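Some notes on the structure that comes next.
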Amino acid sequence: MRYILLMLVLSMLIYSSVSLAAKVSKQYTTEERLLEQTKLAVIEELAEMGNNSAYIVLAKMGENRPFVTPPSEGQLIRWYTSSAQGGNPHALLWLGHYFLHGKGSNADSEYDALVLLASAAILGSIKAANDLVLIPKVLGASYAQLEEAFYDAIQRLSKGQVVNCSRLTCSPEVSQQSHFASEKISQKAEIFRDNWAQFGDVNAYQYLKSLGAERLLAQSNNISALTENIRIQNAGKLRKNERLAEEKRLAESPDWEMQTYLDRLSGRKSSAQDALRHYKDQDFARLEKDIRHTINLINFHRDPDAQISYEDVLQKMKKAP
Amino acid sequence: MIIVMKPKCLTRGGSIRLFSCIFFVATVFFSASVICAQQVDHTDKLKAMLSDYQNMDWSQYTVEEVRQRIPTKMQGSDVESLLSARLYFIGSQNIQEMKEVWQAQGITHPKTIVVANGVYSVADLHRLINDDSVIEQVKDGTYLFRQSIYVAPTASLVIRNASIRLSIHHGVFLAVDGQLFVADTIITSWDEYAGNEGERENIRNNELLLYGRQTPRPYIIMNEGSQIYMANSRVTGLGYKGQRGTFGLSISKRPPVVTHRLHGYIRIRAKPTGWLIGNTFTNNFFGFYSNQADDVVLLGNVYYDNIIYNIDPHDYSNRLLIARNLTYNAQQAHGIIISREVNDSIIAENISFSNYGSGIMLDRNSNNTLVYSNLTIGNGGDGIAVFESDYNLVSDNITARNMRNGIYIRNSDHINIRNNFIFRNSYSGAETAVVDIDKLETRDFKLDPYHKSASALYENNQFESNQNAAMTAKNKGVVTVKNNQFYNSGPIFFGGELAPFAESLWRQNDGDELTTDVDLMIRQAITP
């Protein structure tokens with residue numbers, strides 16, 4: 001009998017571990033897997049056909065959604081680079097921060113990262129413009145380097161080149177198909193340069209500060225998420241409050257059982273307080289030595305003008321309860 | 001007690017059966033050895049902590065030492081007022097919450113003073129901003145801030161011999177990613193109309209911890225990678241119940257995020273830390289709060305009349321030194337509480353009295369804590385409470401005249417309680433209990449799991465004049481007694497589930513061998 005029991009326990013253990021393992025590996029049903037693969041194939045095909053937006057979709061999907069087979073970091077960089085080649089500011093922002101984080105083969109290339117971020121800002125990314133304002137303050141990059149990177153980015157974009165292919169692995173297909181795109185990019189750079197000139201004689205940092213302020217405010221004024229958060233956060237505590245209110249109601253108009261319980265509680269409390277009052281002086285006289293000793297220890301770490309006195313502490317102690 | 005059984009299968013044939021039996025026995029022995037090794041590890045750690053504490057060089061932790069650490073050479077000029085909306089990475093929730101104040105005051109484009117690339121005094125900030133509507137020098141050394149301040153990782157802010165007023169109506173807070181040095185200073189919230197630190201809203205007690213109920217007030221938050229050194233200063237009137245670190249003075253780290261924005265750099269920085277020595281904290285929402293802070297030193301401070309807790313290190317903060325503080329009159333809860341995996345910390349030589357809740361509490365899996373030589377007197381709750389926290393040493397404390405138990409162990413195993421003086425508490429001197437808290441609405445049991453067992457070793461303690469009983473156990477709390485002294489306790493010495501075993505407990509306490517069936521029913525705790 002004992003043997004059967006033992007085997008039963010063992011088989012349950014094995015079964016539970018196997019089913020747990022299965023649960024971990026099984027993220028998709030067959031249909032879901034097929035759907036994911038089809039989506040991926042369609043977007044990849046679009047990317048190969050030269051649709052620049054397809055690369056950013058692939059990259060974003062790869063970063064944020066659990067692919068059937070998640071892409072490697074190298075694959076992500078390839079997708080983002082291809083998208084950046086076509087002038088996508090989001091891809092440039094991603095790549096800029098990626099290299100600024102000190103990752104990849106360009107680990108030390110803070111300057112390259114700043115050029116990528118500046119390119120993103122010039123091509124319309126408010127986030128990149130905002131980050132460039134803050135990077136010298138938060139990460140200590142020099143303002144002079146930022147200025148230089150900005151001029152470099154404008155120059156490069158004016159020629160229709162977004163990415164420095166000697167530093168990043170560019171996609172040849174995108175490079176070949178980019179005539180129309182490069183014209184658009186150089187136009188954007190020209191517009192940016194004109195707007196900057198109209199703004200007056202200010203450096204890149206000062207001009208960046210003026211970009212997109214209204215849009216930043218509008219983005220941060222969205223408070224729907226906050227309201228939802230408040231609701232979720234308070235749910236448990238509100239339930240507790242309801243229970244407390246119910247207890248209070250019962251306490252105000254109790255049945256005999258609750259009344260007996262409450263009487264006992266309050267009786268116990270008042271008799272305890274009576275005892276504490278009765279022995280107060282005696283007890284504190286007994287504890288005096290220890291209280292004085294600990295106050296001396298505390299005072300060792302306090303300024304001579306902020307010392308605590310035993311008499312003061314004792315007076316406060318005697319007030320309670 | 002280990003039950004040794006001889007499985008019948010060992011006497012029968014069959015290699016599968018034999019293998020199964022060997023496997024089973026090996027598993028039992030392996031588990032037992034792992035548990036034993038763990039206990040030895042915890043015991044050694046606690047002993048080492050106690051020894052280190054007793055041999056500590058206290059001269060390194062004085063107000064003067066902190067003053068010596070403060071930079072004297074100021075340098076830099078990178079201070080400017082930027083739109084608060086730009087600073088998405090310092091806590092979007094913090095900025096969102098403050099909008100309530102900004103909108104009420106008609107501030108449509110709230111700005112923050114960004115301090116970067118240098119070491120600055122408050123006078124420097126005043127000079128560089130050069131706008132009285134942002135920083136006003138009210139009188140010599142007294143500054144009123146009408147915009148929030150952000151100290152970047154590249155900067156240090158020095159506040160010395162000053163009085164800093166943070167405007168309530170302008171929704172001002174101080175967020176620090178760099179270093180903050182404060183000495184001989186007063187930092188307070190400020191109501192410009194009333195000309196004082198500003199009264200708190202009248203909110204019902206049971207709604208104080210509800211999110212979104214209070215209008216935001218000024219606060220100080222130390223973020224990832226930051227350091228604070230504060231001495232001989234007074235912090236008052238700060239904090240409210242917000243989502244993150246808005247409670248007064250908070251040292252807080254958020255979990256890292258995978259993002260290719262500035263969050264990414266900030267969040268992976270080291271856990272924040274600091275020394276707070278010889279300060280006074282009063283009328284703040286919490287006197288002190290931390291989240292994932294390491295090696296913080298709280299020494300020689302006075303905390304009183306703070307709204308919820310006086311000292312509340314929380315969430316995965318480690319190796320804290322909370323010693324030689326005076327905490328009293330926490331208005332709604334405990335004097336000192338560490339909660340949610342605050343491990344390897346020392347709470348020693350503090351006086352915690354007249355708090356609404358307990359004097360000292362270890363809560364939610366706060367393990368390996370040394371609670372040593374504290375005085376917990378006249379608290380509304382227990383003197384020392386250990387809730388859902390294992391492997392702790394409670395030694396050489398005096399816990400007296402508390403309205404509940406002197407020491408209360410709930411759902412916590414391997415608690416060693418020794419050399420304490422447990423005196424005239426209104427319930428029992430010590431209670432060890434298993435309590436089913438499954439229905440507790442405010443607790444997330446995935447985040448804070450617990451076990452329904454409690455065990456404690458009481459050794460060399462003195463129990464005296466406790467009003468209900470010297471010692472009690474409830475719902476299968478396991479108690480081992482050794483060489484304790486009991487005087488003049490309530491109606492009985494051993495109450496609750498211990499009452500039927502009083503005779504055996506006396507004998508166990510005196511070191512006699514337990515032999516009878518009744519003796520053996522006393523469950524043996526595994527001592528740490």
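Given 5 Å bins starting at zero, what is the percent of C-alpha pairs of the range B:375-528 in each, up to the one with the largest pair distance?
Distribution as computed: 2, 11, 20, 23, 21, 13, 6, 3, 1, 0 percent.
Identify, among B:ALA270, B:PRO216, B:PHE288, the residue whose Cα sits farthest towards the positive end of the charge dipole of the range B:43-331, taking +1 on the Cβ of Lys and Arg and -1 on the Cβ of Asp and Glu, with the dipole about the Cα centre.
Highest projection toward the positive end goes to B:ALA270.
Within the range B:486-504, name every residue whose backbone N is under 15 Å away from a label modeled 7 Å from Cα of B:GLN462 along the Cβ vector.
B:486-489
Which percent of the accessible heavy-atom area of the range B:334-528 goes to carbon and sulfur, probe 1.4 angstrom?
Percent of accessible area from carbon and sulfur atoms in the range B:334-528: 48.
With the full set of protein chains in place, find how many percent of the accessible area of the range B:77-225 is carbon and sulfur; take the probe as 1.4 Å.
44 percent
Ignoring the sites themselves, what is the longest stretch of chain B with no GluC sites (Glu not before Pro) in a DSSP loop and at most 13 other beta-carbon atoms within 10 Å?
The longest such stretch corresponds to B:202-440.
Which of the aspartates and glutamates could be linked to B:LYS271 by a straight reach, that is with a Cα gap under 20 Å, when you skip same-chain ones fewer than 8 residues away?
Cα-Cα hits under 20 Å: B:ASP177, B:GLU224, B:ASP294, B:ASP295, B:ASP312, B:ASP315, B:GLU341, B:ASP344.
Once the other residues with Cβ under 14 Å from the Cβ of A:GLN161 are scored (Lys, Arg +1; Asp, Glu -1), what is the net sum?
+2
Listed here are the pairs A:LYS137/A:LYS184; A:LYS39/A:LYS188; A:LYS209/B:LYS253; B:LYS47/B:LYS474; A:LYS248/B:LYS439; which of them are more than 25 Å apart at the Cα?
Correct reply: A:LYS137/A:LYS184; A:LYS39/A:LYS188; A:LYS209/B:LYS253; B:LYS47/B:LYS474.
Hey, which of these cross-link pairs are over 26 Å Cα-Cα: A:LYS269/A:LYS319; A:LYS127/B:LYS111; A:LYS316/B:LYS482?
A:LYS316/B:LYS482
Taking the alpha-carbon centroid of each part, what is the distance from the range A:255-269 to the range B:439-494 in angstrom?
What the calculation gives is 24 Å, centre to centre.
Taking the dipole about the Cα centre of chain B, with the C-beta of Lys and Arg at +1 and of Asp and Glu at -1, give me whichever of B:SER84, B:SER489, B:VAL101 is farthest to the positive side.
Ranked along the dipole, the leading option is B:SER84.
Can you give the relative contact order of chain B as a percent, counting alpha carbon pairs under 8 Å and 6+ residues apart?
In percent, rounded to a whole number, it is 7.
Using a 1.4 angstrom probe on protein heavy atoms only, which residues from the range B:86-119 are buried by at least 50 Å² of accessible area when all chains are present rather than their own chain alone?
B:ARG86, B:GLN96, B:LYS99
Once the Cα atoms of helix B:92-104 and of chain B are each reduced to a long axis, what angle between those two axes, in degrees from 0 to 90 to the nearest 10, is obtained?
Taking Cα atoms only, the helix is inclined about 50 degrees.
Dipole of chain B (Lys/Arg Cβ +1, Asp/Glu Cβ -1, origin at the Cα centre): which of B:VAL66, B:THR185, B:THR154 lies farthest to the positive side?
B:THR154
For the range A:270-321, give the percent of accessible area contributed by carbon and sulfur heavy atoms, probe 1.4 Å, rounded to a whole number.
Within the range A:270-321, the accessible surface is 47 percent carbon and sulfur.
Under a 1.4 Å probe, what is the accessible area of the range A:270-321 per residue, stated in Å²?
59 Å²
Which cross-chain or sequence-distant (5 or more) residues have an amide H under 5 Å from the amide H of B:ARG261, H modelled 1.01 Å from N in plane?
Residues meeting the criterion, in which the H sits 1.01 Å from N, do not exist here.
What is the magnitude of the charge dipole of the range B:334-528 about its Cα centre, with +1 placed on the Cβ of each Lys and Arg, -1 on the Cβ of each Asp and Glu, and no other charges, expressed in debye to the nearest 20?
For the range B:334-528, the charge dipole is close to 420 debye.
Chain pair B, A: how much accessible area is buried, both chains summed, with a 1.4 Å probe, in Å² to 100?
7200 Å²
About the Cα centre of the range B:43-331, how large is the charge dipole given +1 on each Lys and Arg Cβ and -1 on each Asp and Glu Cβ? Please answer in debye to the nearest 20.
Once rounded to the nearest 20, the dipole reads 580 debye.
With heavy atoms of protein chains only and a 1.4 Å probe, what residues of the range A:253-291 have at least 40 Å² less accessible area in the full set of chains than alone?
A:ARG268, A:ALA272, A:LEU276, A:ASP283, A:ARG286, A:LEU287
List the aspartates and glutamates whose Cα sits under 17 Å from the Cα of A:LYS289, skipping any in the same chain fewer than 8 residues away.
By straight Cα distance, A:LYS289 reaches A:ASP281, A:GLU311, A:ASP312, B:GLU349, B:ASP396.
Can you give me the accessible area per residue for chain B, using a 1.4 Å probe, in Å²?
37 Å²
The values are calculated or read from the model by the stated rules, or taken from the named source; none is laboratory data. Predicted, not measured: the structure shown is a model, and the values here were computed from it. Every residue, glycine among them, receives a Cβ derived from its backbone with ideal geometry; neighbour counts consider all protein chains shown. Areas reflect the complete protein model, heavy atoms only, side chains present, ligands, DNA and RNA absent. Shrake-Rupley method; radii C 1.70, N 1.55, O 1.52, S 1.80 Å.
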